[in-house]
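Below you'll find the structure, written out as structure tokens, and then a few comments.
The values are calculated or read from the model by the stated rules, or taken from the named source; none is laboratory data. Quantities reported herein were computed from a predicted structural model and do not represent experimental measurements. So basically every Cβ, Gly included, is an ideal-geometry build from the backbone, and we count neighbours across all protein chains shown.
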């Protein structure tokens with residue numbers, strides 16, 4: 001599992017995850033992901049387009065970061081999930097708690113409009 005970040009605008013970053021977000025994958029990126037997504041006020045787009053598998057520990061990681069960012073006044077959204085990953089998110093009800101967008105541009109436009 002890999003994690004990369006890039007700044008898209010002031011107070012807006014994209015965090016890209018790549019690989020399987022299972023127990024091993026989550027352990028490999030959890031600290032860096034938490035640092036990128038919760039340590040300062042910003043809006044975060046988590047790009048899931050390269051995530052091939054999502055387990056409950058990965059959902060926990062995403063939820064924890066979304067709560068942390070919300071507590072700082074920012075927002076975390078998900079973008080680009082592959083069909084299987086999106087199905088897991090929707091089935092678990094995560095789409096009711098964290099907005100999910102088809103792609104990064106849609107997520108960016110929504111955050112800019114907010």
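Within segment 36-49, restricting attention to residues that are in contact with a strand residue (DSSP E or B) (Cβ under 8 Å, 6 or more places away or on another chain) and outside any helix (DSSP H, G or I), which residue is farthest from residue 12 (Cα to Cα)? Checking each candidate, the answer is 49. Using the structure shown, decide if residue 28 is in contact with a helix residue (DSSP H, G or I) (Cβ under 9 Å, 6 or more places away or on another chain) and not in a strand (DSSP E or B). Taking the combined requirement at face value, the residue does not satisfy it. A single entry from 106, 110, 52 fulfils the requirement of being out of contact with any helix residue (DSSP H, G or I) (no Cβ under 6 Å at 6 or more places or on another chain), part of a strand (DSSP E or B) and either free of Cβ contacts under 8 Å to residues at least 60 places away in the same chain or more than 14 Å from residue 2 (Cα to Cα) (or both): 52. I'd like to check something: does segment 1-8 contain any residue that is in contact with a helix residue (DSSP H, G or I) (Cβ under 7 Å, 6 or more places away or on another chain), surrounded by 18 or more Cβ atoms within 10 Å (Cβ to Cβ) and in a loop (DSSP other than H, G, I, E, B)? Yes - at least one qualifying residue is present in segment 1-8. Out of 41, 35, one residue alone is surrounded by fewer than 17 Cβ atoms within 10 Å (Cβ to Cβ), closer than 16 Å to residue 7 by Cβ and in contact (Cβ under 8 Å) with a residue 12 or more places away in the chain. It is 41.
I'd like to verify a number: residues in segment 70-81 that are over 11 Å from the mean Cα position of the chain (by Cα) and either part of a helix (DSSP H, G or I) or over 21 Å from residue 11 (Cβ atoms) (or both), how many?
2
Name the single residue, out of those in segment 9-30 being at pLDDT 95 or above and exposed (fewer than 14 other Cβ atoms within 10 Å of the Cβ), that is farthest from residue 82 (Cα to Cα). Once the filter is applied, the top-ranked residue is 27. Please tell me if residue 18 is more than 20 Å from residue 89 (Cβ to Cβ) and either out of contact with any strand residue (DSSP E or B) (no Cβ under 8 Å at 6 or more places or on another chain) or assigned to a strand (DSSP E or B) (or both). In short, no.
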